[in-house]
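The values are calculated or read from the model by the stated rules, or taken from the named source; none is laboratory data. Quick caveat: nothing in here was measured; it's all calculated off a predicted structure. Counting neighbours? That spans all protein chains shown, and the Cβs are built from the backbone with ideal geometry, glycine included. Accessible surface is based on the protein model in full, side chains and every heavy atom, while ligands, DNA and RNA are left aside. Shrake-Rupley method; radii C 1.70, N 1.55, O 1.52, S 1.80 Å.
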Amino acid sequence: MVFASVVSCQKNSRPNYQFMPNMYEPVSYEAYQESDAFPGGVEAQLPAEGSIPRGDHMPFEIENTNAGYELAKATLQSPLDSTQIDSPRGGQLYDIYCGICHGRNGKGQGTLVKREKILGVPSYDDAGRAITAGSIYHTIYYGKNAMGSYANQLNEEERWQVVDYVLKLKADLEK
Amino acid sequence: MIQVIYRQLASKIPYLGLVILLTFTTSLTAQEGDPAKGKTLYNTNCAACHQLDRKMTGPALRNVEARLAEEQGLDREWLNKWIRNSAGLIKSGDAYANQIYNEYNQVAMTAFPQLSDQDISDILAYTAEPKAEPAPTPGPDTGGTGGQVEGGISNKLILGALAILFALLAIALVLVRQTLNRFAEEKGVEIAAQDKGLPIWKAFVKNQFLVLVSVIFLMLASAYFVYGYLSQIGVDQGYEPVQPIHYSHRIHAGENGIDCKYCHSSARVSKHSGIPSLNICMNCHKSIYQVAEETQQMGIDEYGVDYNAEIQKLYKAVGWDEDEQQYTGETQPVKWVRIHNLPDFAYFNHSQHVSVAGVQCQTCHGPVEEMEVMYQHAPLTMGWCINCHRETNVKVEDNAYYTKIHEQLSKKYGVDKLTAAQMGGLECGKCHY
């Protein structure tokens with residue numbers, strides 16, 4: 001009876017109660033925790049201006065402007081050599097982050113485009129754009145027009161893997 | 001004299017007709033574009049930056065040709081040049097080209113040299129189509145809801161009728177009994193009085209064996225319930241809080257098939273599967289400012305949610321000015337309610353499970369792609385963790401990291417495939433330290 005009444009009182013919109021939760025709750029700050037110690041009251045903060053992540057990540061110097069785009073398009077080259085290129089992994093990342101709009105084969109016919117949620121996604125072999133490794137990287141890093149930046153979803157090495165995979169798709173489309 | 005005037009007029013009529021005919025035919029050839037073809041071309045080439053009735057990356061394009069001709073005196077020739085090579089037109093010093101370029105923050109329009117004159121006519125014909133009137137509220141829909149209400153009423157009616165029927169039956173039985181008793185009285189029939197034995201509880205107390213058995217049974221039953229009650233303390237299975245923005249996993253992950261890791265990208269590389277920051281929402285919702293009409297209707301009918309209002313909540317939180325198509329910089333954090341939460345003394349790492357083991361998100365989080373409101377699918381208890389570690393084989397194919405240890409351990413255990421438990425997945429220190 002007690003059990004039944006307790007169960008019937010339990011509401012799914014609030015968490016269950018805990019027994020002596022001293023060891024349940026963290027002493028340190030948890031991710032996304034609310035706290036007065038930080039500006040805005042949230043633990044999640046942007047890294048300080050100009051900070052560089054550990055590892056051999058280099059800051060991306062080219063600016064988010066038309067001139068920067070042209071500069072990247074003309075000069076920027078992939079730092080990965082042929083042994084470092086991991087096409088299956090690049091393909092997996094591409095399918096997760098790009099394929100939903102650009103399509104698995106890069107023709108611009110991803111699921112969201114077919115369902116007419118997002119329109120006007122160009123094919124990678126579009127002559128007017130004539131994308132290069134540098135322009136692809138610049139676009140992933142900063143976004144372009146309606147496309148957003150993917151700099152926070154992919155790290156530097158992953159971005160270059162995806163660039164390589166996109167170039168491969170482009171070559172396949174141009175065949 | 002009068003006759004002469006008439007003659008002159010009459011001689012002019014064919015000319016006039018010719019002029020009218022010519023203007024008509026020229027205007028016909030100018031608008032000869034096929035709007036249906038134009039729509040396809042527009043959707044593939046233009047829609048990334050232009051919408052028909054709304055400013056986006058570029059200006060709205062409804063009736064662009066007519067508007068340009070009226071307001072700026074620019075003809076098709078100018079449009080052709082602009083579409084094929086806008087940068088060239090800007091460089092050539094064209095006044096309006098420069099004006100529009102600066103007005104839109106100097107975002108260069110992609111050149112479309114591949115579009116033929118016919119293609120451009122098609123596209124312009126599509127943009128010249130009048131705006132489609134919003135469809136009147138569909139009749140069958142209201143009919144449908146009416147039918148449902150009727151169904152409810154008829155169910156209630158049937159239940160009510162049944163209740164009345166049973167009541168009548170009961171009354172009838174009572175009446176029959178009364179009349180029978182009256183008959184018996186009149187005929188002088190004695191109804192045999194029942195033999196009054198011991199009350200049942202006294203009989204029960206006298207039977208000591210029965211008492212013992214039932215006490216044991218009661219104790220076992222209560223122990224069972226108390227145990228069940230105690231072991232669900234702190235377990236939040238089924239926890240389904242109301243979130244500040246109603247986010248439907250059913251629509252995003254289910255219908256649109258967006259990969260979990262698109263938004264929860266840190267699940268691949270970090271301990272946490274992060275809550276996506278709002279810029280990730282804006283990757284798509286910059287363009288998707290309202291949901292499809294049928295989706296909106298379904299949201300209101302089935303879930304009582306106005307999806308479009310939820311998108312507006314997102315815009316408010318991220319500080320997106322829809323009319324100007326730019327960020328205002330006034331943001332406010334969204335206070336999402338955390339659902340899955342392990343106690344602090346248990347260590348769990350998402351990347352270990354997602355990237356190394358290749359476990360599907362749904363294994364622990366359940367059918368998220370069907371959840372309109374997110375809830376906790378698994379109990380997240382230690383027994384649940386351990387059970388999975390005992391049953392799951394470690395994925396060692398194509399993983400050089402595991403080759404050596406797998407060889408050694410599979411020899412030791414004499415098995416072909418190791419489970420996570422045999423690889424040390426049950427050691428206390430793996431999760432508690």
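In percent, what relative contact order does the stretch B:297-359 have, based on Cα pairs under 8 Å that are 6 or more apart in sequence?
16 percent
Rounded if a/c is under 1.5, else prolate if a/b is larger than b/c, else oblate: which is chain B, with a ≥ b ≥ c the root eigenvalues of its Cα gyration tensor?
Taking the square roots of the gyration eigenvalues as a ≥ b ≥ c, chain B is oblate.
If only Cα atoms are counted, what is the Rg of the stretch B:350-399, and what is its Dmax, in Å?
Reported Rg and Dmax, both Å: 12.5, 38.
Filter the cross-link list B:Lys261/B:Lys316; A:Lys144/B:Lys286; B:Lys271/B:Lys335 down to pairs whose alpha-carbon distance in this structure exceeds 18 Å.
B:Lys261/B:Lys316; B:Lys271/B:Lys335
Name the long-range amide H neighbours of B:Thr419: under 5 Å, sequence gap of 5 or more, or other chain; modelled H, no Pro or chain starts.
When sequence neighbours closer than 5 places are left aside, the close amide H contacts are B:Val394.
Please give the average number of partner chain Cβ atoms lying within 10 Å of the Cβ of each residue in A:34-46, rounded to a whole number.
Mean shielding count: 1.
Report, in debye and to the nearest 20, how large the dipole of the stretch B:393-433 comes out about its Cα centre when Lys and Arg carry +1 and Asp and Glu carry -1 on their Cβ.
Result for the stretch B:393-433 is approximately 120 debye, rounded to the nearest 20.
So for the stretch B:31-127, averaging the separation of alpha carbon pairs under 8 Å that are six or more residues apart and normalising by length, what relative contact order in percent results?
50 percent
When a/c reaches 1.5 or more, the comparison of a/b and b/c decides; with that in mind, is the stretch A:59-175 rounded, prolate or oblate per its Cα gyration tensor?
Rounded.
Compare B:Cys388, A:Cys101 by solvent-accessible area with a 1.4 Å probe and give them largest first, with all protein chains kept in place.
Greatest to least solvent exposure: B:Cys388, A:Cys101.
Rolling a 1.4 angstrom probe over the protein heavy atoms, how many square angstrom per residue are accessible across chain B?
On a per-residue basis, chain B sits at 67 Å².
For B:Lys430, give me every one of the aspartates and glutamates with a C-alpha distance below 17 angstrom, ignoring sequence neighbours fewer than eight places off in its own chain.
Straight-line reach from B:Lys430, under 17 Å: B:Asp344.
Over the stretch A:85-174, what is the relative contact order in percent, taking alpha-carbon pairs closer than 8 angstrom and at least six residues apart?
Contact order relative to length: 33 percent.
Just tell me how shielded B:279-287 is by partners: mean number of partner chain Cβ atoms within 10 Å of each residue's Cβ, no decimals.
6
Across peptide A:120-128, how many C-beta atoms of other chains are within 10 Å of each residue C-beta, on average?
Averaged over the peptide's residues, the number is 5.
At 1.4 Å probe size, with no ligands or nucleic acids counted, give the accessible surface of B:Cys428 in Å², nearest ten.
Probe radius 1.4 Å; accessible area of B:Cys428 about 100 Å².
Expressed as cubic angstrom per residue, what is the convex hull volume of the alpha carbon set of the protein assembly as shown?
That works out to 333 Å³ per residue.
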